[in-house]
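Trainee: Take this structure, written in structure tokens, and hold onto it; I'll ask about it next.
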Amino acid sequence: MEETKNEQLVEHVFRHGYGKIVSFLVHKFGPTHLERIEDAVQEALLKAMQVWGYETPPKNPTSWLLRVANNHLIDTLRRDKKVVQSYDASIFNTERSAQEEVCLNESINDSQLKMIFACCHPSLSQEYQIVLSLKLIGGFGNREIAMALFKKEETIAKSFTRAKKRLKAHVKTLDIPLELALRSRLAIVLKIIYLLFSEGYSTSFGETLIKKDICLEAIRLALLLSQNKYSNQPEVHALLALMCLHTARFEARVDQKGNMVDLEHQDRSLYNQDLIKIGIHHLEKAAVDSEPSNYHLQAAISYYHCTAGNFEKTDWKSILRLYKLQLSKQYSPIVQLNSIVPYYKIHGAQKALGVLHDFEKSDYFLKNALFYGIKSTLLLDLNLTKESKLALQMAISLTTNTKEKLYLSEKLKTMG
């Protein structure tokens, strides 16, 4: 049990601190030493797993890891006869005053924001930008990124290696770009923050449905952008609104055992009203005269879900209209699938099944759990129980998250 708690703590710190530590050390030592920095952080995490099992974990685990990684990196650079500048060692102390802690946090925040913009350097392709950011800022594995980008794991691994080479060749220091350059990179930075949040909100793999740490980290990064006068744009507030409104539903999405609760059966009294208000505040600040971004539209959809009295009272017509607007701006098979749910609530299962069959015949067809989950629901509504069960079995076979697989399996049992 103690070992499990220790592993959970290390995983928590890894998710919460990996990007911060890598960014801080890259800022201090430069992108040239990126591989050595990655190795140093991994060594620090391994040491944490060994030491924290026998000793009381430090009050500030991130600072502890930062100090260990820094010392390991300096030793490596000296051994390799690289030039090591003299840095103030006091910043790595684990015992410090509250004021010193605030200064360190500010320095880490600044480094991380600079790291994101460095990963989004225009010399890199968009795929390289995303892979670098998710690996170095979010601590994602190749499998998670492959799922997010609909690519193979080996492709992601190769992209990461190539992207690091280009980063080292074109970025010598970490700096937040000036006004025009910053704004030109903002779109991809927002996409990366959105991907970070999405993985935390609906975890692809493992025993956990939601990884709150990743979601809160994505919100924190977006807040940093909103505090910069050049990146304080409507799209940033729209993304913040979306993330706050989604996060407001966290407690209702799982039961006391951590198992999945679908939208229809969620206890809406558990929705965080303060976060809903903050989300609405950012949605108002995101107001634009021109066409709204996808973040605006998704935030509006989440707003309707958050404010509906119950599942049946949801404003499905407005949600369907927002999905159609999204599809008219930029087609996405995932958005197409999601739009079938409000279509079903408005037009019924028979017509919705027709739309689903049209999607299945199209070039954009995705053979995923979402498709078969929706298909199962529609077939069950039409009393086609046998066909519904077959579709649900397909959804279960394609699901990679343990909690989601359990939820679908329990649903299958109730069908007899």
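Trainee: Exposed loop sites here are chymotrypsin sites (Phe, Trp or Tyr not before Pro) in DSSP loop states with at most 16 other C-beta atoms within 10 Å. What is the longest stretch of the chain lacking them? Mind showing how you got there, number by number?
Mentor: Numbers: sites that count: 54, 87, 150, 205, 230, 311, 331, 364, 365.
Longest gap between qualifying sites, sites excluded: 231-310.
Trainee: To the nearest 10 square angstrom, what accessible area does residue 75 show with a 1.4 Å probe?
Mentor: 90 Å²
Trainee: Residue 381: net charge of surrounding residues, Cβ under 12 Å, Lys/Arg +1, Asp/Glu -1, itself excluded?
Mentor: Here the charged neighbours net out to +2.
Trainee: With +1 on each Lys and Arg Cβ and -1 on each Asp and Glu Cβ, and nothing else charged, work out how big the dipole of the chain is about its Cα centre, in Debye to the nearest 20.
Mentor: Details: 54 positive and 46 negative charges, 199 e Å.
With only Lys, Arg, Asp and Glu charged at Cβ, the dipole is about 960 debye.
Trainee: Right, here's the next one. Where only protein heavy atoms count, and the probe is 1.4 Å, what is the accessible area per residue for the chain in Å²?
Mentor: With all protein chains present, the chain gives 50 Å² per residue.
Trainee: Same structure, new question: Could you compute the net charge surrounding residue 317? Neighbours are other residues with a C-beta less than 15 Å from the C-beta of residue 317; K and R count +1, D and E count -1.
Mentor: Here the count lands on +3.
Trainee: Something else now. Could you compute the FRET efficiency for residue 212 and residue 357, with r as their C-beta to C-beta distance and R0 at 51 Å, rounded to 0.05?
Mentor: It comes out at approximately 0.85.
Trainee: If you don't mind, another one. Stretched out fully, how many nm does the piece from residue 334 to residue 315 gain, at 0.36 nm a residue minus the Cα gap?
Mentor: Fully extending the segment from residue 334 to residue 315 adds 4.8 nm.
Trainee: Tell me, in nm to one decimal, what length is gained between residue 397 and residue 273 on full extension, where the rule is 0.36 nm per residue of separation less the Cα-Cα distance? Could the numbers behind the result be given before it?
Mentor: Working: separation 124, 0.36 × 124 = 44.64 nm, distance 3.64 nm.
Here the segment from residue 397 to residue 273 would lengthen by 41.0 nm.
Trainee: Taking amide hydrogens as modeled 1.01 Å from N in the peptide plane, which residues meet the under 5 Å criterion relative to residue 254, leaving out close sequence neighbours?
Mentor: Hits under the 5 Å cutoff: 261.
Trainee: Report the local net charge at residue 346: Lys and Arg +1, Asp and Glu -1, summed over other residues whose C-beta lies under 11 Å from its C-beta.
Mentor: Neighbourhood net charge equals +3.
Trainee: Sorted by accessible area with a 1.4 angstrom probe, largest first, how do 81, 158 fall?
Mentor: My answer, sorted largest first, is 81, 158.
Trainee: Considering only 379, 364, 392, whose Cα is most displaced toward the positive end of the charge dipole of the range 360-400, charges sitting on Cβ of Lys, Arg (+1) and Asp, Glu (-1)?
Mentor: The Cα lying farthest towards the positive end belongs to 392.
Trainee: Using a cut-off of under 20 Å, list every residue of the range 358-378 whose amide N is near the label point 7 Å from the Cα of residue 384 along the Cα-to-beta-carbon line.
Mentor: Residues 358-363, 365-378 qualify, since their backbone N sits under 20 Å from the label point.
Trainee: So for the range 136-176, taking the charge dipole from beta-carbon charges (+1 Lys/Arg, -1 Asp/Glu), which of 148, 161, 138 sits furthest toward the positive end?
Mentor: 161
Trainee: Let me ask something else about it. Trypsin sites (Lys or Arg not before Pro), restricted to the range 294-371: which are DSSP loop and have at most 14 other Cβ atoms within 10 Å?
Mentor: Loop-located and lightly packed - 313, 367.
Trainee: To continue, here is another question. Using a simple charge model, +1 on the beta-carbon of Lys and Arg, -1 on the beta-carbon of Asp and Glu, nothing else, what dipole does the range 275-416 show about its Cα centre, in debye to the nearest 20?
Mentor: The calculation lands at about 320 debye.
The values are calculated or read from the model by the stated rules, or taken from the named source; none is laboratory data. Just so it is clear, the model here is predicted, and its values are computed rather than measured. A quick note on method: Cβ atoms are made from the backbone with ideal geometry, for glycine too, and the neighbour counts reach across all protein chains shown. We work out accessible area using only protein heavy atoms, side chains counted, and drop any ligands, DNA or RNA first. Shrake-Rupley method; radii C 1.70, N 1.55, O 1.52, S 1.80 Å.
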